[in-house]
Protein chains: 2
Amino acid sequence: MITKSLEDYLEAIYNSLKDRGHASTNEIASDLGVKPPSVTEMFHKLNKQGWVNYRKYEGVTLTREGEEIAKSVSDVHSKVRKFLELIHVSSEQADEDACKVEHHLSEESIGQLNMFIEFIENCPAEEVRWIEHFNYFNEHHELPLDCPGADKEKGCDD
Amino acid sequence: MITKSLEDYLEAIYNSLKDRGHASTNEIASDLGVKPPSVTEMFHKLNKQGWVNYRKYEGVTLTREGEEIAKSVSDVHSKVRKFLELIHVSSEQADEDACKVEHHLSEESIGQLNMFIEFIENCPAEEVRWIEHFNYFNEHHELPLDCPGADKEKGCDD
DNA sequence: GATTAGGTTTAGGTTAACCTAAATTTGTAA
DNA sequence: TTACAAATTTAGGTTAACCTAAACCTAATC
């Protein structure tokens with residue numbers, strides 16, 4: 001079974017591989033603010049689940065399944081962060097909070113949050129009956145005809 | 001130190017006292033989906049912290065400090081729920097997610113979320129340059145003059 | 001007053017996720 | 001090649017929050 005903690009490790013590994021090209025015990029430990037032995041232990045668990053390939057003293061890589069999980073967690077993270085930034089939470093705090101919140105949203109909430117963000121980004125800062133428009137967007141998956149963004153180049157459902 | 005779990009118990013106790021006038025082991029157990037012995041154990045911890053008055057076989061009441069914590073958790077809960085409902089998450093799911101998210105938001109994010117909700121509720125569904133207006137509201141703590149809600153009876157900063 | 005049912009607590013155990021200290025491996029430099 | 005420093009793992013321990021089973025209270029009924 002996946003836990004919040006295992007998700008955190010997968011995400012950290014994913015980011016480390018992306019940013020540094022590798023994921024070692026010490027790096028992940030310092031990224032997550034834990035001690036190296038904790039990381040080794042978790043590497044074993046992730047390996048047993050088939051989410052990473054672990055080779056002693058060398059570090060880990062993600063399996064396809066592990067990468068899928070990591071990507072989806074990371075995706076939720078950036079959606080939450082984006083929303084928080086939209087309502088003017090500082091980007092450091094938004095990122096920190098996203099880390100914690102990312103494990104606790106249902107599919108439904110994630111979907112709606114995404115819908116909301118997409119709507120705002122595609123129909124911004126204009127004379128807009130925005131909540132009515134959002135309701136329409138929510139139902140039809142495209143901007144209403146009288147929305148200033150609707151006749152522009154970019155649709156809302158990409 | 002307070003933990004997510006202790007917060008959950010305080011909130012459940014608070015709601016039980018409000019809804020039923022008392023908070024017994026079995027009730028809290030069933031509210032939180034745990035077994036009675038777990039509740040007894042947590043009652044002891046809460047009692048030791050000075051957040052509840054625990055009397056064996058009788059249940060708990062909240063101390064002033066306990067009630068303060070419970071109220072603030074409960075407050076965050078309803079803000080998160082309200083926001084999720086605003087973006088059309090079903091109310092059951094919104095409530096469920098709020099339960100989990102409520103423990104993980106910083107003061108800053110809570111404040112901004114509140115600001116956002118207040119803004120929306122006071123400046124709704126009109127011809128509104130809503131994100132610009134939100135920016136203004138965020139900065140000045142009142143609706144801009146050209147906001148349809150601004151000349152109505154109710155201000156934005158109550 | 002004795003019995004009993006239901007609620008509550010105690011006793012003891014499990015698990016996840018951490019930790020420190022000690023051992024081990026690895027790569028590099030003398 | 002040997003020796004050492006740094007990284008990693010192993011061994012063993014801690015804590016929070018749960019659990020089951022058994023013991024214990026309490027209030028109602030006979």
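Read-outs throughout are calculated quantities, based only on the coordinates presented, and are distinct from any laboratory measurement. Keep in mind that this is a model prediction, so the values were computed, not measured. Cβ sites come from the backbone with ideal geometry, for glycine too, and all protein chains shown count toward neighbours.
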note = Any residue on another chain or 5+ positions along whose placed amide H is under 5 Å from the amide H of residue A:53 is listed here as A:61, A:62, A:63
remark   = Hydrodynamic calc, region A:33-125: Kirkwood Rh from Cα pairs, then Stokes-Einstein at 37 °C with viscosity 0.692 mPa s, so D in µm² s⁻¹ is 216 µm²/s
key: Peptide A:86-97 - average C-beta neighbours from other chains (10 Å radius)   = 5
query = If each of residue B:5 and residue B:68 carries a label point 7 Å out from its Cα toward its Cβ, how far apart are those two points in nm?
reply = 2.5 nm
Residues with amide H under 5 Å from that of residue B:102, placed H, sequence gap 5 or more = none
ask   = Between A:13, A:69, A:36, whose Cα lies farthest towards the positive end of the dipole of region A:4-69 when Lys and Arg beta carbons carry +1 and Asp and Glu beta carbons carry -1, centred on the Cα centre?
value = A:36
key: region A:1-99: relative contact order as a whole-number percent, Cα under 8 Å and 6+ apart   = 25 percent
task = Just tell me how shielded A:104-114 is by partners: mean number of partner chain Cβ atoms within 10 Å of each residue's Cβ, no decimals.
result = 6
inquiry  = Please list log₁₀ I(q)/I(0) at q = 0.15, 0.20, 0.23 Å⁻¹ for region A:4-69, using the Debye equation with identical point scatterers on the alpha-carbon positions.
reply    = -0.35, -0.66, -0.90
request  = Place a +1 charge on the Cβ of each Lys and Arg in region A:4-69 and a -1 charge on the Cβ of each Asp and Glu, then give the dipole magnitude about the Cα centre in debye, rounded to the nearest 20.
outcome  = 260 debye
inquiry  = Can you work out the Karplus-derived ³J(HN,Hα) for every residue in region A:32-39? Use 6.51 cos²θ - 1.76 cosθ + 1.60 with θ = phi - 60°, whole Hz, and x for glycine or proline.
reply    = 8, x, 10, 8, x, x, 5, 5
remark   = Output row for residue B:75: copy-to-copy label distances, label 7 Å along Cα→C-beta, ascending, in nanometres, one decimal, is 3.7
